[in-house]
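Peer 1: Dropping the structure in here first, questions after.
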Amino acid sequence: MSRHLLVTGGAGFIGSGFVHHVLAHTDDTVTVLDKLTYAGDKTSLEGLPDARLTLVEGDVADAALVEELVGAADAVVHYAAESHNDNSLRDPSPFLRTNLVGTFTLLEAVRRHGTRYHHISTDEVYGDLPLEDPERFTEDTPYNPSSPYSATKAGSDLLVRAWVRSFGVQATISNCSNNYGPRQHVEKFIPRQITNLLDGVRPRLYGAGTNVRDWIHEEDHSSAVLRILDAGRIGETYLIGADGEKSNREVVELILQLMGRDAGDYDLVADRPGHDLRYAIDSTKLRTELGWEPAYADFEAGLAATIDWYREHEGWWRGQKDATEAAYARSGQ
Ligand code: NAD
Ligand code: DAU
């Protein structure tokens, strides 16, 4: 039976990918609630069927609007967030309002309406792991966030857990590793380097470039979220990852090679304060309990397709580029 989903942050990178995925793989209809901040773009939802998709421009911390939209939905999937670590180091205040007050506002509405709720979160809530170590994050790893961004995401997860236990809210949580793919803002690592190269600028690696991230294609993240929404156990947390650990240096060298440049053609710049060393996800619970598997096993092929997307969609990213690079230049990055 088809459902009506409220997807917050559905004009952002991963939220819009989820909307594309849901409309392609289910009969569900979707309302997107998105504030269209610098990170939101209506055109990320272009080409989708009008009859099954409504975009509402608004704030997840607007209680009256959220009450109305949650009242009309069968389930809520909450992606909306301030999502970039470097921005949270420059000005944490919007992170507290959107990530904490926004989540609180949604939780109160789903509590009143008894609506199914899925909370999108990040592996960064667990802090970091040592480099070159076999340990990976699991659902039992203690919370230990490092940045204002990850601290607000950790706080939002804990609100969800409290609302489940105290008020019986029908919620699940997922914590995913680093996503890549089309429609990601050029402030983030992979699209920044691709668009720099398209502009004839050398890629920029923070510190020594040895930090490790665990990459997953955004479409694999979407298929996992849909699986949890359909079959996840209420009150449970699921970690989402695709065994994609790579150092930042390895990723930049691969981008350079795929774009026909010398693999050493990059610059080392000022490190991020508090920079997490390594993230790595053990997604055994999601795979064994819910039978989920990633479809994008080949990182190089996924990265090559992502490079092609940025080459072919300059009109999508060009308007973001100057302001993003001006902000990086102010912090020597
Ligand atoms: P993004 O920055 O690309 O998109 C965020 C979206 O939320 C934008 O469309 C923005 O306009 C909207 N938004 C921001 N504040 C809002 C508000 N107050 N009200 C309504 N809408 C608002 O982010 P993303 O990278 O797509 O991340 C989406 C979610 O996934 C976040 O919750 C993030 O923590 C989580 N996540 C991201 C990654 C990753 O690698 N990018 C990995 C794991 C989890
Ligand atoms: O792990 C999940 C998280 O992944 C999400 O919760 C966040 O929303 C998402 O932004 C991402 O966080 P990171 O901080 O890991 O991603 P970012 O793309 O900012 O950086 C990835 C790595 O690359 C990190 O080690 C910092 C480094 N970096 C980043 C930029 C922008 C560089 O070396 N150079 C750069 O120019």
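The values are calculated or read from the model by the stated rules, or taken from the named source; none is laboratory data. If you're wondering where the values come from, they're calculated on a predicted model, not measured in any experiment. Counting neighbours? That spans all protein chains shown, and the Cβs are built from the backbone with ideal geometry, glycine included. The area values use the complete protein model at the heavy-atom level, side chains included, leaving out ligands, DNA and RNA. Shrake-Rupley method; radii C 1.70, N 1.55, O 1.52, S 1.80 Å.
Peer 1: Grab the beta carbon distance between Asp199 and Asp298, set R0 = 35 Å, and tell me the FRET efficiency rounded to 0.05.
Peer 2: FRET efficiency, Asp199 to Asp298: 0.80.
Peer 1: To continue, here is another question. For the range 101-209, max minus min Cα coordinate along each principal axis, in Å, sorted largest first?
Peer 2: 54, 32, 21
Peer 1: How long is the gain from Asp262 to Asp243 if the chain were fully straight, where each residue apart is worth 0.36 nm and the alpha carbon distance is subtracted?
Peer 2: Working: separation 19, 0.36 × 19 = 6.84 nm, distance 2.71 nm.
Full extension of this stretch gives 4.1 nm more.
Peer 1: Between helix 102-113 and the chain, what is the angle of the helix's C-alpha long axis to the longest principal axis, kept within 0 to 90° and rounded to the nearest 10?
Peer 2: 20
Peer 1: Rounded to the nearest 500 deg cm²/dmol, what is the calculated helix-only ellipticity per residue at 222 nm for the chain, with -39500 (n - 2.57) per DSSP H run of length n ≥ 4?
Peer 2: The per-residue figure over the chain is -12500 deg cm²/dmol.
Peer 1: Based on the alpha-carbon set only, what is the convex hull volume of the chain divided per residue, in Å³? Kindly include the intermediate steps, with their values, before the conclusion.
Peer 2: Values: hull volume 41.3 nm³, N = 333.
Looking at the chain, the number lands at 124 Å³ per residue.
Peer 1: Given the convex hull of the Cα atoms of the range 7-85, what is a quarter of its surface area in nm²? Intermediate results must be reported in sequence, preceding the final value.
Peer 2: Details: hull surface 20.6 nm².
Result: 5.1 nm².
Peer 1: Can you pull out the trypsin sites (Lys or Arg not before Pro) in the range 178-267 that DSSP calls coil and that have at most 16 other Cβ atoms within 10 Å?
Peer 2: Hits after loop and neighbour filter: Arg233, Arg261.
Peer 1: Rounded to the nearest 0.05, what FRET efficiency is calculated for Leu277 and Thr43 with R0 set to 41 Å and r the Cβ-Cβ distance?
Peer 2: 0.70
Peer 1: If you don't mind, another one. Relative to the longest principal Cα axis of the chain, at what angle does helix 189-198 sit, 0 to 90 degrees, rounded to 10?
Peer 2: That works out to roughly 50 degrees.
Peer 1: Ignoring any ligand, DNA or RNA, what whole percent of the accessible area of the chain comes from carbon and sulfur when the probe is 1.4 angstrom? Before the final figure, lay out each step's value.
Peer 2: Working: 6660 of 13420 Å².
On the chain, the fraction of accessible area on carbon and sulfur atoms equals 50 percent.
Peer 1: Which three semi-axes in whole Å describe the equivalent ellipsoid of the range 242-333, each the square root of 5 times a Cα gyration tensor eigenvalue, listed largest first?
Peer 2: They are 28, 19, 16 Å, listed largest first.
Peer 1: Express in nm, to one decimal, how much length is gained between Ala270 and Arg161 on full extension, taking 0.36 nm for each residue of separation and deducting their alpha carbon distance.
Peer 2: 35.5 nm
Peer 1: Using the eigenvalues of the Cα gyration tensor, what equivalent ellipsoid semi-axes result for the range 175-242 when each is taken as the square root of five times the eigenvalue, whole Å, largest first? Write down the numbers at each step before the final one.
Peer 2: Working: eigenvalues 191, 40, 10 Å².
Rounded to whole Å, the semi-axes are 31, 14, 7.
Peer 1: Work out the charge dipole of the chain with +1 on the Cβ of Lys and Arg and -1 on the Cβ of Asp and Glu about the Cα centre, then indicate which of Val101, Ser150, Leu5 is farthest towards its positive end.
Peer 2: The listed residue farthest towards the positive side: Val101.
Peer 1: Here's a follow-up. Kindly flag which residue pairs out of Lys153/Lys321; Lys153/Lys188; Lys42/Lys285; Lys35/Lys246; Lys35/Lys285; Lys188/Lys285 have an alpha-carbon separation exceeding 23 Å in this structure.
Peer 2: Details: Lys153/Lys321 26 Å; Lys153/Lys188 18 Å; Lys42/Lys285 35 Å; Lys35/Lys246 33 Å; Lys35/Lys285 34 Å; Lys188/Lys285 29 Å.
Correct reply: Lys153/Lys321; Lys42/Lys285; Lys35/Lys246; Lys35/Lys285; Lys188/Lys285.
Peer 1: Now, a different point. Quote the FRET efficiency, to the nearest 0.05, computed for Thr54 versus Tyr328 with a Förster distance R0 of 41 Å and r equal to the Cβ-Cβ distance.
Peer 2: Here the calculated transfer efficiency is 0.70.
Peer 1: Then there is this: Order 322-329, 175-182 from most to least packed using the mean count of other Cβ atoms within 10 Å.
Peer 2: Working: 322-329: 13.5, 175-182: 23.4.
Listed from highest to lowest mean packing, they are 175-182, 322-329.
Peer 1: If the convex hull of the alpha-carbon atoms of the range 30-136 is projected onto planes in all directions, what is the mean projected area in square nanometres?
Peer 2: Working: hull surface 36.5 nm².
Projected over every direction and averaged, the Cα hull of the range 30-136 covers 9.1 nm².
Peer 1: Suppose the chain between Thr138 and Arg3 were pulled fully straight at 0.36 nm per residue; how much longer would it get relative to their current alpha carbon spacing?
Peer 2: Gain in length upon complete extension: 45.5 nm.
Peer 1: Given H placed on each backbone N at 1.01 Å, which residues far from Arg3 in sequence or on other chains put an amide H within less than 5 Å of it?
Peer 2: Asp28, Thr29
Peer 1: If one takes the longest principal axis of the Cα atoms in the chain, at what angle in degrees, from 0 to 90 and to the nearest 10, does the Cα axis of helix 248-258 lie?
Peer 2: It is inclined by approximately 70 degrees.
Peer 1: What is the magnitude of the charge dipole of the chain about its Cα centre, with +1 placed on the Cβ of each Lys and Arg, -1 on the Cβ of each Asp and Glu, and no other charges, expressed in debye to the nearest 20?
Peer 2: Dipole about the Cα centre, nearest 20: 640 debye.
Peer 1: Based on the mean of other beta carbon atoms within 10 Å per residue, what is the order of 275-284, 305-314, 130-139, most packed first?
Peer 2: 275-284, 305-314, 130-139
Peer 1: With +1 on the Cβ of every Lys and Arg and -1 on the Cβ of every Asp and Glu, and nothing else charged, how large is the dipole of the range 57-112 about its Cα centre, in debye rounded to the nearest 20? Before the final figure, lay out each step's value.
Peer 2: Details: 4 positive and 10 negative charges, 45 e Å.
With only Lys, Arg, Asp and Glu charged at Cβ, the dipole is about 220 debye.
Peer 1: So if I place +1 on the C-beta of Lys and Arg and -1 on the C-beta of Asp and Glu, and nothing else carries charge, what would the dipole magnitude of the range 217-333 be about its Cα centre? I want it in debye, nearest 20.
Peer 2: 360
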